[in-house]
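Written out below as structure tokens is the structure these notes cover.
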Amino acid sequence: MSAFDYKEDLALAHKLADIADAITLDRYQAQDLVISTKPDNTPVTDADRATEQAITTAIAKDRPHDGVLGEEFGSTHEKAKRYWVIDPIDGTKNFMRGVPTWATLIGLVERSEDGSEKVVVGVVSAPALSRRWYASEGSGSYVIFAKGAPKKISVSKVESISDASITYSDFVGWNEKLSSFRKLLDDSWRTRGLGDFWSHMLVAEGAVDVAIEPALALWDMAALDVIVREAGGQFSGTNGVNGPFQKSGLSTNGKLHTKIVEALS
Ligand code: IPD
Ligand code: CA
Ligand code: CA
């Protein structure tokens, strides 16, 4: 399928992001924000739920045959040839405390005849940062700042770990990989715990060279995968298997990818 074929899907993804931004920005720092705890002991707000519901309703209207997988309301994608993967708010803990690093993540996954799956469209909308990143298969990656003109982005050219800037979320969830992760950070040029979508979008922009998270779900990664790849980078699990379908996420500029996977193994 040519890049042109995803134009309408990308336009829909932007429309979904506009719908999301209107809801999330209205609820961000609201005095009456309702926060509850999910069975997995993580917080969710009324904004997470309202955003996912609004996006799902819009997809059902515009693409009745597509499936949806959302963090808050589960999936209708088992039999669909294409499905939208939605994280209504990535960085809920930031959102509820007034830290502006949160985003709505929208990815479109296509299933091939052989059963393989690939993310073909991705939008990451971070309205409190006045930024939106997006990509579609074969068309490159872009960032829009303050609703200005889209700017094409690409990854860095750094080749060695000793020159690399590495970003991560925190030290939770590394289990048996924790000591190799700490050594990798020690061996690098610079490290920052930026977290969430933000680390990965900075890899796509070439502002950092590596982003790593040890425990993620598909909705945390689908949109990031295509944006990092279309910017010239590589997205895999920390095990090195390409794509967002592992249970962890590793974005690099490509040149560093094997070195990072080996350092973590
Ligand atoms: C979280 C973020 C974070 C990751 C957590 C996720 P949420 O998503 O992606 O980076 O470390 O595992 O749950 O809950 O804010 O959408
Ligand atoms: Ca998330
Ligand atoms: Ca979320």
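Of note:
- Portion, in percent, of the accessible area of segment 3-153 that falls on carbon or sulfur, probe 1.4 Å: 52
- Segment 12-114: chymotrypsin sites (Phe, Trp or Tyr not before Pro) in DSSP loop, at most 16 other beta carbons within 10 Å: Phe73
- Filtered chymotrypsin sites (Phe, Trp or Tyr not before Pro), segment 133-200: DSSP coil and at most 13 other beta carbons within 10 Å: Phe171, Trp189
- Between the residues Thr252, Ile23, Thr51, the greatest Cα displacement towards the positive end of the dipole of the chain, with unit charges on the Cβ of Lys, Arg, Asp and Glu, is found for Thr252.
- Computed from point charges on the beta carbon alone (+1 for Lys and Arg, -1 for Asp and Glu), the dipole magnitude for the chain about its Cα centre is near 480 Debye.
- Per residue, the accessible area of segment 161-264 comes to 38 Å² when a 1.4 Å probe rolls over the protein heavy atoms.
- Under the criterion of Cα pairs below 8 Å and six or more residues apart, the relative contact order for segment 57-121 equals 23 percent.
- Calculated mean residue ellipticity at 222 nm for the chain: -10000 deg cm²/dmol, from DSSP H runs with n ≥ 4 weighted as -39500 (n - 2.57), summed, divided by the residue count and rounded to 500.
- Our summary gives segment 155-265 a relative contact order of 31 percent, counting only alpha carbon pairs under 8 angstrom and 6 or more residues apart.
- For segment 243-261 versus segment 72-90, the gap between their alpha-carbon centres in whole angstrom: 23
- In the chain the longest region clear of GluC sites (Glu not before Pro) that are loop-assigned by DSSP and have at most 11 other C-beta atoms within 10 Å covers 114-265.
- Averaged per residue, segment 1-120 has 51 square angstrom of accessible surface, using a 1.4 angstrom probe with ligands and nucleic acids left out.
- Rounded, prolate or oblate (a/c below 1.5 giving rounded, otherwise prolate when a/b exceeds b/c) for segment 86-220 by Cα gyration tensor: rounded
- Met96 sits with roughly 60 Å² accessible to a 1.4 Å probe, with DNA, RNA and ligands left out of the calculation.
- Beta bridge orientation in segment 127-225: antiparallel %, DSSP, nearest 5: 55
- Relative contact order (%) - criterion: Cα under 8 Å, at least six apart; region: the chain: 16
The values are calculated or read from the model by the stated rules, or taken from the named source; none is laboratory data. Keep in mind that what you see is a predicted model, and the values were worked out from it rather than measured. We place every Cβ from the backbone using ideal geometry, glycine too, and count neighbours over all the protein chains shown. Accessible surface is based on the protein model in full, side chains and every heavy atom, while ligands, DNA and RNA are left aside. Shrake-Rupley method; radii C 1.70, N 1.55, O 1.52, S 1.80 Å.
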